[in-house]
Amino acid sequence: MVDTDKFLEMPPSTQALYFHLGMRADDDGFVSSPKKITQFVNCGNDDLKLLLAKGYLIPFESGVVVISDWNVNNWIRADRKHATRFEQEKSLLSISNDIYILDANQVPTKCQPSANQMPTECHTEDSIGKDSIGKDRDRAEYQQIADMYNNTCVSFPRLYKLSESRKKAIKARLQTYSVEDFQRMFEMAEGSSFLKGANNRNWSATFDWMVKDANMAKILDGNYQDRQSESQIPEKTPEEIEREKREEQEALNRIERALKEEYVYDPEHPFQ
């Protein structure tokens, strides 16, 4: 499978993420924390999205994913195999040609009616296969940006909860900016003394303030960057110091030559 054109046409980082997920999957191919692994191995959220879009991973609402072609590439003896703990997710799958597929005839456990009860919530193959992918992508981006803020803006109040209003603000900004723009904004904010409280109001910025449209634009435009003080001016290199000395000496030599050329000896007034 990894030698197919479909796989090899993906970016190297996406291919690497696939291998990392495979190394951390259980014996049935389920991965409990794909987002955490993606960040841990320094891959991007786009890599995870691409694996989902290409069908190499099947997502579930629990956040778990399964590697769809796990059984093609892995053979584990029955006496050594440990059954997955994600039995509910596995119950939604069927196998065709050793490849996992979501089974439209299977119904999630929480949708099964108990005695004299009707199911209150059901998810079809379409809702899990399409809606859930979109939701998972959004959740991954929200959490990625929240983690960026907490890891970069260490001088600001820590973000503990992604409320609905915060998710809406992030989603709105992602219509205009990329995830990389968020990282750059957080780095610029962390480098701003004004935003960290060095102002006449003793005010400091927060995550909610930063992700407002006008404020994010101003940060990225450099409106809050520190002015370069004398102590921040980089020291001269030895080459620069030597060059300045040579230029200074050359200037002195030119002055001395000019003075000699202007001086005319007068025997009657030798010391004038």
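The values are calculated or read from the model by the stated rules, or taken from the named source; none is laboratory data. None of the values given here were measured: they were computed from a predicted structure. Note: ideal-geometry Cβ built from the backbone for every residue, glycine included; neighbour counts use all protein chains shown.
Quick one: would you say A205 is within 27 Å of D47 (Cα to Cα) and small (G, A, S)?
On the way: within 27 Å of D47 (Cα to Cα): no; small (G, A, S): yes.
No; evaluated as a whole, the condition is false for this residue.
Hand me the list of helices (runs of 4 or more DSSP H) wholly inside the stretch 161-232 holding 3 or more residues that are under 15 Å from A146 (Cα atoms).
164-173, 179-190, 207-210
Answer yes if at least one residue in the stretch 73-90 is farther than 30 Å from I145 by Cα and small (G, A, S), and no otherwise.
Yes, there is a match, as at least one residue in the stretch 73-90 is farther than 30 Å from I145 by Cα and small (G, A, S).
If you go through the stretch 138-145 one residue at a time, do you hit one that is modelled with pLDDT of 90 or more and either within 20 Å of Y56 (Cβ to Cβ) or within 26 Å of the chain's Cα centre (by Cα) (or both)?
Taking the stretch 138-145 as the starting set, the residues that turn out to be modelled with pLDDT of 90 or more are 145.
Now drop any that are not either within 20 Å of Y56 (Cβ to Cβ) or within 26 Å of the chain's Cα centre (by Cα) (or both), which leaves 145.
Scanning the stretch 138-145, I find at least one residue that is modelled with pLDDT of 90 or more and either within 20 Å of Y56 (Cβ to Cβ) or within 26 Å of the chain's Cα centre (by Cα) (or both), so the answer is yes.
Would you mind stating whether Q272 is in a loop (DSSP other than H, G, I, E, B), at pLDDT below 90, outside the structural domain of K168 (by TED's automatic domain parsing) and in contact with an Asp or Glu (Cβ under 9 Å, 6 or more places away or on another chain)? Can you show your working first?
Values: in a loop (DSSP other than H, G, I, E, B): yes; at pLDDT below 90: yes; outside the structural domain of K168 (by TED's automatic domain parsing): yes; in contact with an Asp or Glu (Cβ under 9 Å, 6 or more places away or on another chain): yes.
Spelling it out, Q272 is indeed in a loop (DSSP other than H, G, I, E, B), at pLDDT below 90, outside the structural domain of K168 (by TED's automatic domain parsing) and in contact with an Asp or Glu (Cβ under 9 Å, 6 or more places away or on another chain).
Output yes when any residue across the stretch 81-88 is free of Cβ contacts under 8 Å to residues at least 12 places away in the same chain and either closer than 20 Å to V179 by Cβ or of a type in the set (D, E, K, R) (or both), and no when none is. Steps first, answer last, please.
First, pick out the residues of the stretch 81-88 that are free of Cβ contacts under 8 Å to residues at least 12 places away in the same chain: 87.
Remaining after also requiring either closer than 20 Å to V179 by Cβ or of a type in the set (D, E, K, R) (or both): 87.
Yes: the stretch 81-88 contains one or more residues that are free of Cβ contacts under 8 Å to residues at least 12 places away in the same chain and either closer than 20 Å to V179 by Cβ or of a type in the set (D, E, K, R) (or both).
Within the bounds of the stretch 46-66, is there any residue that is at pLDDT 90 or above, under 12 Å from D28 (Cα atoms) and either small (G, A, S) or surrounded by 12 or more Cβ atoms within 10 Å (Cβ to Cβ) (or both)?
Yes, that holds for at least one residue.
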